[in-house]
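Peer 1: Below is a structure I'd like to ask you about.
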Amino acid sequence: MSASVRRRKPENKSNAKIGIEQPKNNKDKSDEQHCCFKCFSALLSTLAVLTTIGLLGYYQAPFTAVPLENYSVQVKLVGLFSPNNKLSEATRITGLSGPECILEDDKGNLYTGLADGRIVQIRPSSKGHIGAGDIVNVTSGFIKNIPRAMEHVNHGRPLGLRRRDQILYVADANYGIYAVNIRSGEVDTLVAVNDVNPPLALTDDLCVSKSGKFIYFSDMTSSYKLDRLIYANLEGLCKSRVFQYNTESKTVRVVTSSLCFGNGVQLSEDENLLFVAEPTSYRVRIIDMMTWKTVRFVDVPIMPDNIRSTGQGTYWIAGSSLWTSSYGFLERNPVVRQIIAGLFSYKNLERTIPKYSMVLEMTEEGEILQSLHDPTGDSISALTHAVTLSDGRLALGSFKDDFIAILNEKNLAIGLA
């Protein structure tokens, strides 16, 4: 009987288990593959969208960006450049739109050029306080019957001012170089924008020799006008020129070219050197005027603008827009510069400019002695100019602000010890 009884074969539990779960594993693999496919498809879609946007920006840009010949050097905010708030407490002379450049005459009158083209005189108060009196027009801002760099703008934009006796010499972004009789307001055009080839696109600053015979002035770029200045930076071409105008022979000639955004110009005390600010390269170029060759570069942490004598054997350099790693990245990537120019409006590009403001004191040899900071730009932004007043205070100009800031610290340590 035992022989006839068939033993029931035990169930293979492991096999049964495998048999039950196998379909589940196949489903998991299928889900994973489907998920991977979706991720890959999303990645491809994203890349396609980004590529399309990039190409759109690239081909919409108003220029073809080029590699730079030289990259700016980062100057770290340590040592003499350590951040401080020395520019943060200042009084204001308000009601002045874009007072880029400031000068003082021997009677305590201040002069500045405004965004609407006017040049104004700011008189001292009845008690002799500089900058506290009436503001009166020296010019109307309009010059008839001369060519303009910006045809759609019917007034000037004075950026650089110098004085010799009762004559103001003016570098105007729209009109070129002209002279103004302070007493009569009469304007005499010296160099119109079409007097040189290629024409002046953005006349920025000037300086006058002690004899009065020569005027040296900068044209920031021969490609873009003032209202499209950022494009010149993004494009990457160094097409700035410095000219010499002979006031006796009425002739003008180029003395140096291929500068990177040549801006502020200043003669040394002995007139053997010319200092030229190159904002996009974050440096000041020092030129030997006998040979017109560059003798050295001075790297700075901000975009330098106007350069002026302190009256103590040294020079003030005013500027803003602190160097950033993003700027360094853009310098090395012309394609990215071109895409950005095509994708963003000009006004949006202007909003990206850092507000950090700084004034540096430099020796004739290019040594930096001190730095004065406004890290937030709250005291003054778009800083372009610094000049020592006869009462010992420091007057600060701006391309965009609607006031002149005057630093209250009268006892600034200026000059060589």
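The values are calculated or read from the model by the stated rules, or taken from the named source; none is laboratory data. The structure presented is a predicted model; accordingly, all values stated were derived computationally and were not measured. Glycine also receives a Cβ, built like all others from the backbone with ideal geometry; neighbour counts cover every protein chain displayed.
Peer 1: Determine which member of the set Q338, Q312, Q370 is polar (S, T, N, Q) and in a strand (DSSP E or B). Steps first, please.
Peer 2: Working: Q338 fails: in a strand (DSSP E or B); Q312 fails: in a strand (DSSP E or B).
Q370 is the lone residue from the list that is polar (S, T, N, Q) and in a strand (DSSP E or B).
Peer 1: Would you mind telling me which numbered condition in (1) more than 17 Å from the chain's Cα centre (by Cα); (2) buried (at least 22 other Cβ atoms within 10 Å of the Cβ) Q312 fails?
Peer 2: Looking at each condition in turn, Q312 falls short on (2).
Peer 1: Name every residue in segment 58-79 that is in a helix (DSSP H, G or I) and modelled with pLDDT of 95 or more, in order of residue number. Before you say what the answer is, go through the steps one by one.
Peer 2: If we filter segment 58-79 for residues that are in a helix (DSSP H, G or I), which is where we start, we get 58-60, 79.
Selection gives G79 alone.
Peer 1: Mind checking whether some residue in segment 123-139 is within 30 Å of the chain's Cα centre (by Cα) and touching a residue at least 60 places away in the same chain (Cβ under 8 Å)?
Peer 2: Yes, segment 123-139 contains a residue that is within 30 Å of the chain's Cα centre (by Cα) and touching a residue at least 60 places away in the same chain (Cβ under 8 Å).
Peer 1: So, in segment 382-400, of the ones that are in a loop (DSSP other than H, G, I, E, B) and within 19 Å of D227 (Cα to Cα), which residue ends up farthest from the chain's Cα centre (by Cα)? Don't jump to the end; show me each part of the working.
Peer 2: Of all residues in segment 382-400, those in a loop (DSSP other than H, G, I, E, B) come to 382, 389-393, 399-400.
Of the ones still in play, those that are also within 19 Å of D227 (Cα to Cα) are 382, 399-400.
Working: A382: 8, F399: 10, K400: 12 Å.
That would be K400.
Peer 1: Listed residues R241, R253; which is part of a strand (DSSP E or B) and over 24 Å from the mean Cα position of the chain (by Cα)? First the steps, then the outcome.
Peer 2: Numbers: R241 fails: over 24 Å from the mean Cα position of the chain (by Cα).
From the options R241, R253, the qualifying one is R253.
Peer 1: Oh, and also: Confirm whether Y169 is assigned by TED's automatic domain parsing to the domain that holds G397, surrounded by 19 or more Cβ atoms within 10 Å (Cβ to Cβ) and touching a helix residue (DSSP H, G or I) at 6+ places or on another chain (Cβ under 9 Å).
Peer 2: Values: assigned by TED's automatic domain parsing to the domain that holds G397: yes; surrounded by 19 or more Cβ atoms within 10 Å (Cβ to Cβ): yes; touching a helix residue (DSSP H, G or I) at 6+ places or on another chain (Cβ under 9 Å): no.
No; evaluated as a whole, the condition is false for this residue.
Peer 1: V298 - would you say it is within 25 Å of L383 (Cβ to Cβ) and within 20 Å of the chain's Cα centre (by Cα)? I'd like the intermediate steps shown before the answer.
Peer 2: On the way: within 25 Å of L383 (Cβ to Cβ): yes; within 20 Å of the chain's Cα centre (by Cα): yes.
It is true that V298 is within 25 Å of L383 (Cβ to Cβ) and within 20 Å of the chain's Cα centre (by Cα).
Peer 1: Residues of segment 322-358 being among the small types (G, A, S) and either closer than 17 Å to L68 by Cβ or modelled with pLDDT of 95 or more (or both), which ones? Walk me through it before giving the result.
Peer 2: Let us first name the residues in segment 322-358 that are among the small types (G, A, S), namely 325-326, 328, 341-342, 345, 357.
Across segment 322-358, the qualifying residues are S325, S326, G328, A341, S357.
Peer 1: State whether the residues of segment 108-123 include one that is part of a loop (DSSP other than H, G, I, E, B), modelled with pLDDT under 95 and either surrounded by 14 or more Cβ atoms within 10 Å (Cβ to Cβ) or assigned by TED's automatic domain parsing to the domain that holds D401 (or both). Spell out the reasoning first.
Peer 2: Quick first cut of segment 108-123, residues part of a loop (DSSP other than H, G, I, E, B) only: 108-109, 114-118, 123.
In the following step, the residues that additionally are modelled with pLDDT under 95 were identified as none.
Checked segment 108-123: no residue is part of a loop (DSSP other than H, G, I, E, B), modelled with pLDDT under 95 and either surrounded by 14 or more Cβ atoms within 10 Å (Cβ to Cβ) or assigned by TED's automatic domain parsing to the domain that holds D401 (or both).
Peer 1: Looking at (1) in a strand (DSSP E or B); (2) of a type outside the set (F, W, Y); (3) touching a helix residue (DSSP H, G or I) at 6+ places or on another chain (Cβ under 8 Å), which is the only condition A318 fails?
Peer 2: Only one criterion is unmet by A318, namely (3).
Peer 1: Only one of these is in the same structural domain as S257 (by TED's automatic domain parsing), within 19 Å of C101 (Cα to Cα) and not in a strand (DSSP E or B): N154, N194, N174. Name it.
Peer 2: Working: N154 fails: within 19 Å of C101 (Cα to Cα); N194 fails: within 19 Å of C101 (Cα to Cα).
Going through N154, N194, N174 in turn, just one is in the same structural domain as S257 (by TED's automatic domain parsing), within 19 Å of C101 (Cα to Cα) and not in a strand (DSSP E or B): N174.
Peer 1: Would you please name the residue that is surrounded by the most Cβ atoms within 10 Å (Cβ to Cβ), looking only at residues in segment 223-238 that are part of a loop (DSSP other than H, G, I, E, B) and not charged (D, E, K, R)?
Peer 2: Across segment 223-238, the extreme among qualifying residues is Y224.
Peer 1: Let me ask you something else. Only one residue in T251, T247, T256 is touching a strand residue (DSSP E or B) at 6+ places or on another chain (Cβ under 6 Å) and of a type outside the set (A, V, I, L, M, F, W, C). Which one?
Peer 2: Numbers: T251 fails: touching a strand residue (DSSP E or B) at 6+ places or on another chain (Cβ under 6 Å); T247 fails: touching a strand residue (DSSP E or B) at 6+ places or on another chain (Cβ under 6 Å).
One residue alone meets the criteria, T256.
Peer 1: Give the residue, chosen from S357, S379, S321, S390, that is in contact with a strand residue (DSSP E or B) (Cβ under 7 Å, 6 or more places away or on another chain), exposed (fewer than 14 other Cβ atoms within 10 Å of the Cβ) and not hydrophobic (A, V, I, L, M, F, W, C).
Peer 2: Details: S357 fails: exposed (fewer than 14 other Cβ atoms within 10 Å of the Cβ); S379 fails: exposed (fewer than 14 other Cβ atoms within 10 Å of the Cβ); S321 fails: exposed (fewer than 14 other Cβ atoms within 10 Å of the Cβ).
Result of the check over S357, S379, S321, S390: S390.
Peer 1: Here's another thing I want to ask about it. Going by the conditions given, is I307 under 28 Å from R157 (Cβ atoms), out of contact with any Leu (no Cβ under 9 Å at 6 or more places or on another chain), modelled with pLDDT of 95 or more and buried (at least 18 other Cβ atoms within 10 Å of the Cβ)?
Peer 2: Numbers: under 28 Å from R157 (Cβ atoms): yes; out of contact with any Leu (no Cβ under 9 Å at 6 or more places or on another chain): yes; modelled with pLDDT of 95 or more: yes; buried (at least 18 other Cβ atoms within 10 Å of the Cβ): yes.
Against the criterion (under 28 Å from R157 (Cβ atoms), out of contact with any Leu (no Cβ under 9 Å at 6 or more places or on another chain), modelled with pLDDT of 95 or more and buried (at least 18 other Cβ atoms within 10 Å of the Cβ)), I307 qualifies.
Peer 1: Among the hydroxyl-bearing types (S, T, Y) and at pLDDT below 75 - does that describe any residue in segment 81-91?
Peer 2: no
Peer 1: Just name the residue that is nearest to G160 (Cα to Cα) out of those in segment 278-296 that are in contact (Cβ under 8 Å) with a residue 60 or more places away in the chain and assigned to a strand (DSSP E or B). Explain how you work it out, then say what you get.
Peer 2: The first filter runs over segment 278-296 and keeps only residues in contact (Cβ under 8 Å) with a residue 60 or more places away in the chain, leaving 280-284, 286, 296.
Now drop any that are not assigned to a strand (DSSP E or B), which leaves 283-284, 286, 296.
Values: R283: 19, V284: 17, I286: 19, R296: 24 Å.
In this case the residue turns out to be V284.
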